[in-house]
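Report on the structure given below.
The values are calculated or read from the model by the stated rules, or taken from the named source; none is laboratory data. Computed from a predicted model, the values in this text were never measured in an experiment. Backbone-built Cβ (ideal geometry, glycine too); neighbour counts: all protein chains shown.
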Amino acid sequence: MSDDRQPSREQNKAHSARRQRLPHDQPSYNFGGDTMHHSHHPVPRRLALSAIALAVAALAGQAAAQEAVQEAAQATQESAQATQQATGATAAQQAAPVATGEVIKVEVTGSTIKRVAGEMALPVSSVKADDIASAALTTVADLAVSLPSSATNAPSSAGAGTNMNMRGIGINRTLVLLNGRRMVNEPLSNGFVNVDLIPISALNRVEVLRDGASSTYGTDAMGGVVNFLTRRSYKGLELTGQVVRPEASGGGREHRVSVLGGIGDLAADGWNVYATVDVHKRSKLESADRPELTNPALLASLGIAPKAASGTYAWPANVFSPSTGITGNPYYASGCLPPYSVPATRNTCIQDANYVLALPANAQAHFFAKGSIKLPGDHLVTAELLHAKEHIETQKPPTTTVGFNGAVARITPDSPYYPGGSAGVPAMAGINGSPLNVSWSVAELGPAIAKDEQKITRVVVTGEGTIGQWDYRLGGIYGRGKRDSYFVQGYLNGARLQAGVANGVLNPFGTQSAAGLEYLKSISADGGQIRHTTNRYYGTDLTLTRELMQLGGGAMTLALGAEYHRDANDDRALDGVIDVPYQNRLPSYAEGSRDISAVFAELDLPVTADLSFNVAARHDRYSDFGGTSNPKASFRWQPMKQLMFRGSASTGFRAPTLFDRYGYRLPGATSLSTSKWDDPVLCPGTMGMAGTGTAVPGANPLLVCNTALPIQQGSNPEVQPETSRNLTLGVVIEPVRNLMVMLDYYDIHVKDSIGQLAQNAIFTNTAKYADLFVRNPDGSLAYVRNTVDNLGDLRTAGIDVGLSYAFPKASYGQFKAALDGTYVTRFENQTEKDGPWISNLGRFGSVGSGNVSASPTYTFRWKHTLRLSWERGDWFSQLTQFYNTGYHDLNNVPAQFHRDIEPYSVWNMTVNYKGIKHVKVSLGISNLFDENPPVTNSNSTAYANNIASPIGRAYNARLTYEF
């Protein structure tokens, strides 16, 4: 975001007075291959030495402001003048990108008021697009995971895409913007933005506000704001190709191609149009491609070996005799059917083949275009178009004979495949010829694969300029998102599958005959659609800004604004899903909409050259929840040139998402639990430890013991809004020349937090949550209620730490070091109003990441990014470390297997060269030392697949040619 207008003569004088007190000849800093010069103000010059996440040469908005200064200068000067940055120039020279020496005001994330670069009291950091490549990161998803202040999980096998989770308090509480305005949310949950749909080739930088901004952008910005900023303009043609090759065999390869082109010079011609096409694809990585991560010996050492529990759905099928109570498998004595199954307890076979994807196949295609034109009288009109799509393939173990409402597959002596029958299936002792319940996994068809497709279209038209003494900015936005999911492979009509077992056509214990294979083909659901969801967002906004009077540190500036937007969603699970019980969906339809109007004001008070205050307030009116007012106040005080203090206080308000309040509500189960459990009534055992229970007489152990249990998820028409209180207090110190130290304390308290209980919290305390287990009249489990609700309060606190040092330049080049980390002092929540506080710090807790996951999450005590860089001439190299502390494992296993997870560290390295005309080359190695992900007993893969990549060492090559 930039500004073409010049500040007042009085502000220039005040700013010049401050500039004269500063030492000169400060060095430039390069963290991503491009030189970043410091501005003339003492605080931003020092703040720029601290970096966050990925080679960020900025602190408290300095890099963001510097980039914006360059953009603003471009809009008012000749292109050559606007981009000129002479290496070795003095600080005073670098402070004047405009030939006249006038100071340019810019807008940085967190405020609606433009000000001199770097004069921010809020903890804003900036990541340039080149910085991502310098850290050997290839996608926006990689960036999201790496931010120390973020608890974003690594992309999983879910089809929702990648989200941002600032402070770990939930993806619904982080606001994601594109060029300062909202994007349409991911359609299904309608609670977060899928950042995979943002084209990396269009980006100039990413600004991260590590503080709430409810008074500026909306009441729901509780955890922070991530603002993706595209290039202001571009002239020329640029081609980029990138490839990532894992060292180990198998999948996980990545390819990216982008084309960027533009015409017109906004400064010289008064107009510019540019567009980019960006395509990225990653192949799937099977768990079998990394057998060392999930080998039988490792699983046994963790207490999660498959054979340590009883089998459920398997091939050959396990059976249960209701008349005799016998459970077993006719092929148990012969060792079952490796590699599909192995012997387990209770004479059963258990599924052994690991069908879980290590990484799903993923592909994105983006088109982004932006046009700008200057109009007479200091006005600028801009239009943007974004169209993007993504598809993700999800994978589950093979289809089973599970049925809706307790329906089970049965085999009778009339079938040739009945144990001891004519087809040669081994007999089972004690079977008296009565019908048997069959638990069959149709492994012959391979894994069950589905495909998720997301598409978004976003159109924005904006205008900015000056009318009289007022600067204005207005805009209109329209966004539409669509998500569709389809059966791809291995899904079958459940009722007809059970019928095929009953009538003897299908063999649940071995390979199929020709007739059996033809029958399976005839009942395939592949190609059918599962779900169709759309989301629409449109709105308009207006901001007016003017200087009121001069204070000791500059102009008192007032901003007034108004905003209106409408959010609408409709979600349909198609009728055909009732035929596929393995999908665990019933037909449903839900729709919801919401209108939000707001007015806001902000006042900037530079009392002296060293002390400034900023106050803001916002009032929002929701069509379904009424009005809410939220203020914010911040300060910045620099008592001496080596020391600066800053702080802020604000409140927030977040209404339930449209899904939370108006999404589908079905009378029965809508899914299965994410892990296997014992029914606490029908298979009582050690609470929280699956596989330790014993089925009560008459209960089928294949359905009630060590199995995925039915869950009811969905919306809640009674859920109410949540509120928050945010506090920050920071200090920036320059103890010695070229060394910067930054400490920012934060404290967030969310009241009446909206969410789902983590399923682990329910099943490890079934006595407390017994009322959530809803049973049928015969005592069988209908479902476990796990819908959205107000859970109680959530609070977290910690300290962001930034250290950076630039070594003196020498003939061999310049070295720099920077560390950015977050130390969490508290993270806890209540699972009900006024309930006990439960810690999530360094352990699995009872907080989920948002309404797309009911799995337990955890918060690292410490997480950091360390960068060591070297630059000389056309060469630049960087070594980057991503580190997090260990934590207590989930430990839903016998006591002898309880353990802690070790700290995890990964190093990436890149080398960049730009000595060839028009060409930039970047070579990198991800996971330089080939570290395996942390070992865990929390899932069947035995590694922490949500915080670390299973790919291992990988080689990255990127080539850019500019015409």
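Data table
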item	result
Strands (runs of 3 or more DSSP E) (entirely within segment 859-963) containing at least 3 residues that are among the small types (Gly, Ala, Ser)	919-926
Filtered residues of segment 333-350 (kept if surrounded by 16 or more Cβ atoms within 10 Å (Cβ to Cβ) and either on the phi > 0 side of the Ramachandran plot or touching a helix residue (DSSP H, G or I) at 6+ places or on another chain (Cβ under 7 Å) (or both))	CYS336, TYR340, VAL342, PRO343, ALA344, ARG346, ASN347, ILE350
Scope segment 857-902; condition among the basic types (Lys, Arg) and buried (at least 21 other Cβ atoms within 10 Å of the Cβ); matching residues	LYS863, ARG867
Strands (runs of 3 or more DSSP E) completely within segment 169-272 that count 2 or more residues being surrounded by 24 or more Cβ atoms within 10 Å (Cβ to Cβ)	174-178, 203-209, 224-230
Residues within segment 645-678 that are part of a strand (DSSP E or B) and free of Cβ contacts under 8 Å to residues at least 60 places away in the same chain, tallied	0
Elements of type strands (runs of 3 or more DSSP E) in segment 374-443, at least 1 residues being touching a His at 6+ places or on another chain (Cβ under 8 Å) and more than 17 Å from THR327 (Cβ to Cβ)	379-396
Where a residue in segment 290-311 is assigned to a strand (DSSP E or B) and its partner, wherever it lies, is aliphatic (A, V, I, L, M), with Cβ under 8 Å and at least six apart	SER310/ALA344; SER310/ILE350; SER310/LEU702
Members of segment 573-595 that are part of a helix (DSSP H, G or I) and touching a Ser or Thr at 6+ places or on another chain (Cβ under 7 Å)	TYR582
Residue match in segment 663-671 (condition: surrounded by fewer than 22 Cβ atoms within 10 Å (Cβ to Cβ) and of a type in the set (Phe, Trp, Tyr))	yes
The listed residue being under 29 Å from GLY161 (Cα atoms), surrounded by fewer than 21 Cβ atoms within 10 Å (Cβ to Cβ), touching a residue at least 40 places away in the same chain (Cβ under 8 Å) and in contact with a Leu (Cβ under 7 Å, 6 or more places away or on another chain), out of ALA369, ALA388, ALA383, ALA365	ALA369
Matching strands (runs of 3 or more DSSP E) fully within segment 712-818 where at least 3 residues are under 30 Å from ARG861 (Cα atoms) and modelled with pLDDT of 90 or more	722-733, 739-755, 789-806
Selection count, segment 162-178, where residues are touching a residue at least 60 places away in the same chain (Cβ under 8 Å) and farther than 16 Å from THR657 by Cβ	5
Residue selected from segment 741-778 under the condition of a type in the set (A, V, I, L, M, F, W, C) and out of contact with any strand residue (DSSP E or B) (no Cβ under 6 Å at 6 or more places or on another chain), by the criterion surrounded by the fewest Cβ atoms within 10 Å (Cβ to Cβ)	ALA767
Residue count, segment 929-963 (criterion: free of Cβ contacts under 8 Å to residues at least 40 places away in the same chain and surrounded by 16 or more Cβ atoms within 10 Å (Cβ to Cβ))	0
Exclusive hit being of a type in the set (A, V, I, L, M, F, W, C) and not in a strand (DSSP E or B), set VAL681, VAL615, VAL599	VAL681
Given (1) at pLDDT 95 or above; (2) more than 30 Å from TYR783 (Cα to Cα), index of the condition PRO508 fails	(2)
Qualifying residue in segment 806-821 (condition: hydroxyl-bearing (Ser, Thr, Tyr) and either crowded, with 16+ Cβ neighbours inside 10 Å or closer than 28 Å to TYR662 by Cβ (or both))	no
LEU188 vs. criteria at pLDDT below 90 and of a type in the set (A, V, I, L, M, F, W, C)	yes
Residue list for segment 822-836, restricted to those being of a type in the set (D, E, K, R), surrounded by fewer than 17 Cβ atoms within 10 Å (Cβ to Cβ) and in a strand (DSSP E or B)	ARG826
Cβ pairs under 8 Å, 6+ apart, first in segment 124-141 and more than 19 Å from VAL257 (Cβ to Cβ), second assigned to a helix (DSSP H, G or I) and of a type in the set (D, E, K, R)	SER126/GLU67; LYS128/GLU67
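Let's see how each residue does on (1) touching a residue at least 24 places away in the same chain (Cβ under 8 Å); (2) surrounded by 22 or more Cβ atoms within 10 Å (Cβ to Cβ):
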position	(1), (2)
TYR417	yes, yes
GLY421	no, no
ASN432	yes, no
PRO435	yes, no
VAL442	yes, yes
LEU445	yes, no
LYS451	yes, no
LYS455	yes, no
ARG458	yes, yes
